[in-house]
Amino acid sequence: MRVAWIGLGSMGAAIVPRLVAAGHRLSVWNRSREAMDALDGVERLERAADAFGHDVVISMLADDRAVRDVLIESGAISRAGRSTIHIVMSTISLALVQQLKTLHDEAGMAYVAAPVFGVPAVAAAGALNILAAGSEEAIASAQPLFDVMGKTTWRLGADQRMAHVAKIAGNLMITQAIESMAEATALTEAYGLSADVFLGVVTQTMFASPSYQRYAHNIAHGSYEPGFKLSLGLKDVNLARDAAESAALELPAMSVVRESLSRAASAGLGNEDWSALAKVVRGEVSGESATVTDECGVRGAGRAAVPPRPLVRDDRPG
């Protein structure tokens, strides 16, 4: 299968070699030439638009702005052939998903939404969980690629928004899990029970799941090498906020983690793992919850600066 890949961040750089090893012919495009040159066995494209002459185009760009710049404003989608399938693996807003659906319909091109659960190490092992939505025919055509990339493909229907709302909601749940572990360990440590011991108990009993175990290890050992950058976690929680507002929903716990992430980003932790929000919750760093804008245009909580939280918080909703 002739496949073009657009966007070689840490996830793309982990996935592309697996597709090459599986025998697929890969062409790649990335804004940074260095990321393309680091890969063996691929053709390097001069323009993102050149990708749309392939059987399948897979785009995995950082955020809404990157998708608009690279795929929409460049006119790349409008140049696509009708036989091309476009798989969008970015985590993006539901409003942009709807715009992409319209543009693909106008171009006569199949559009499969396929964001994933998993960090780069999971991607390199081919163990991602893939959330797929779009036409059954297009997903079936893409399935051989999904089988190389992931352990399970979750088919969520024809409406591409279903895959993205699942991804946004799932990432929101992970941030809330990190927040809860940070708060709980602040409490246990205030009485002399270490985070390592306490989290060892709960992650082998009540919360014996990979996400809890991965981020519990980070919190217990104060190790926040990025698997998923905190700045991107803040971006995804902002997507959850926007989706909730569009549905006239109030999500109090979302507001709590959004403030924690915003303060962590303002304290310079944006390039650390998103579990570093625990540093704010546990009083290890302070930060402002004023508007935070990073290079991807991520907005923070938009409130005035607040002092560091006490170890045991008294500002929980309700």
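What is the local net charge at residue 218, summed over the other residues whose Cβ is closer than 10 Å to its Cβ (Lys, Arg +1; Asp, Glu -1)? It would help to have the intermediate numbers written out before the result.
Details: positive: 214; negative: 225, 272, 273.
My count for the surroundings of residue 218 gives -2.
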> Cα centroids of segment 197-213 and segment 234-271: how far apart, whole angstrom?
Replying inline: 25 Å
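Tell me, in nm to one decimal, what length is gained between residue 40 and residue 1 on full extension, where the rule is 0.36 nm per residue of separation less the Cα-Cα distance?
Numbers: separation 39, 0.36 × 39 = 14.04 nm, distance 1.75 nm.
Contour length minus Cα-Cα distance gives 12.3 nm.
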>> Under the rule of at least 5 residues apart or a separate chain, name every residue whose amide H is placed under 5 Å from the amide H of residue 4.
In response: 27, 56, 57, 58
> Under 5 Å between amide H atoms, partner at least 5 residues away or on a different chain: which partners does residue 228 have, H built in plane at 1.01 Å?
Replying inline: 274
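Based on the mean of other Cβ atoms within 10 Å per residue, sort peptides 252-259, 52-59 so the most packed one is first. Working shown, then result.
On the way: 252-259: 19.1, 52-59: 22.0.
Sorting 252-259, 52-59 by mean packing, highest first, produces 52-59, 252-259.
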> Which entry in (1) 1.36; (2) 1.25; (3) 1.03 is this structure's computed Cα Rg over 2.2 N^0.38 Å?
Replying inline: (3)
>> I need the phi-derived Karplus couplings for segment 266-282: 6.51 cos²θ - 1.76 cosθ + 1.60, θ = phi - 60°, integer Hz, Gly and Pro marked x.
In response: 5, 8, x, 9, x, 8, 7, 4, 5, 5, 5, 4, 4, 4, 6, 4, 8
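Using a/c under 1.5 as the rounded threshold, could you call segment 30-151 rounded, prolate or oblate? The axes a ≥ b ≥ c are square roots of the C-alpha gyration tensor eigenvalues, and prolate needs a/b larger than b/c, oblate otherwise. Don't skip to the answer; put the middle values down first.
On the way: a/c = 1.40, a/b = 1.11, b/c = 1.26.
Cα axes put segment 30-151 in the rounded bin.
Write down the accessible area per residue of segment 111-181 in Å², having rolled a 1.4 Å probe over the full set of protein chains.
Result: 35 Å² per residue.
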>> Please give the charge dipole size of the chain, origin at the Cα centre, charges +1 on K and R Cβ atoms and -1 on D and E Cβ atoms. Round to the nearest 20 debye.
In response: 180 debye
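Subtract the Cα-Cα distance of residue 154 and residue 47 from 0.36 nm times their separation in residues, and report this length gain in nm to one decimal. All intermediate terms of the calculation are to be shown ahead of the outcome.
Details: separation 107, 0.36 × 107 = 38.52 nm, distance 3.16 nm.
Between residue 154 and residue 47, full extension yields 35.4 nm more.
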> Given just the C-alpha atoms of segment 37-96, how large is their convex hull per residue in cubic angstrom?
Replying inline: 104 Å³
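Calculated FRET efficiency, residue 223 and residue 255, Cβ-Cβ r, R0 35 Å, to nearest 0.05? Numbers along the way, then the final one.
Working: r = 28 Å, r/R0 = 0.79.
For residue 223 and residue 255, the calculated efficiency is 0.80.
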>> Can you give me the distance in nm between label points at residue 188 and residue 205, each placed 7 Å from the Cα along the Cα-to-Cβ direction?
In response: 1.0 nm
> Using modelled backbone amide H atoms (1.01 Å from N, in-plane), which distant-in-sequence or interchain residues come within less than 5 Å of residue 150's amide H?
Replying inline: 128
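Calculate, in nm to one decimal, what residue 247 and residue 136 gain on full extension: separation in residues at 0.36 nm each, minus their alpha carbon distance. Numbers along the way, then the final one.
Numbers: separation 111, 0.36 × 111 = 39.96 nm, distance 2.73 nm.
Stretched out fully, the residue 247 to residue 136 stretch lengthens by 37.2 nm.
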> Using θ = phi - 60° and the Karplus form 6.51 cos²θ - 1.76 cosθ + 1.60, what ³J(HN,Hα) does each residue of segment 237-248 get, whole Hz, x for Gly and Pro?
Replying inline: 5, 5, 5, 5, 4, 5, 5, 5, 4, 5, 9, 6
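For the chain, which whole percent of the accessible surface, found with a 1.4 angstrom probe, sits on carbon and sulfur atoms? Walk me through the numbers on the way to the answer.
Numbers: 7430 of 13930 Å².
Reported share for carbon and sulfur atoms: 53 percent.
Compute the relative contact order of the chain as a whole-number percentage, counting only Cα pairs closer than 8 Å that sit 6 or more residues apart in sequence.
Working: 612 pairs, mean separation 39.6, N = 318.
That works out to 12 percent.
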>> Can you compute the radius of gyration and Dmax for segment 165-300, using only the Cα atoms, both in Å?
In response: 14.4, 44
> How large is ³J(HN,Hα) for each residue in segment 188-196, as worked out from phi by the Karplus curve 6.51 cos²θ - 1.76 cosθ + 1.60 (θ = phi - 60°), to whole Hz, x for Gly and Pro?
Replying inline: 5, 5, 4, 10, x, 9, 5, 4, 4
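Output the relative contact order of segment 22-105, whole-number percent, from Cα pairs under 8 angstrom with separation of 6+ residues. Show your work: numbers first, answer last.
Values: 88 pairs, mean separation 23.1, N = 84.
It comes to 27 percent, rounded to a whole number.
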> For segment 10-158, what relative contact order do you get, as a whole percent, if you take Cα pairs closer than 8 Å and at least 6 residues apart?
Replying inline: 20 percent
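The values are calculated or read from the model by the stated rules, or taken from the named source; none is laboratory data. For clarity, every value in this text was computed on a predicted model and none was experimentally measured. We place every Cβ from the backbone using ideal geometry, glycine too, and count neighbours over all the protein chains shown. Remember, those area values only see protein heavy atoms, side chains included, never the ligands or the DNA or RNA. Shrake-Rupley method; radii C 1.70, N 1.55, O 1.52, S 1.80 Å.
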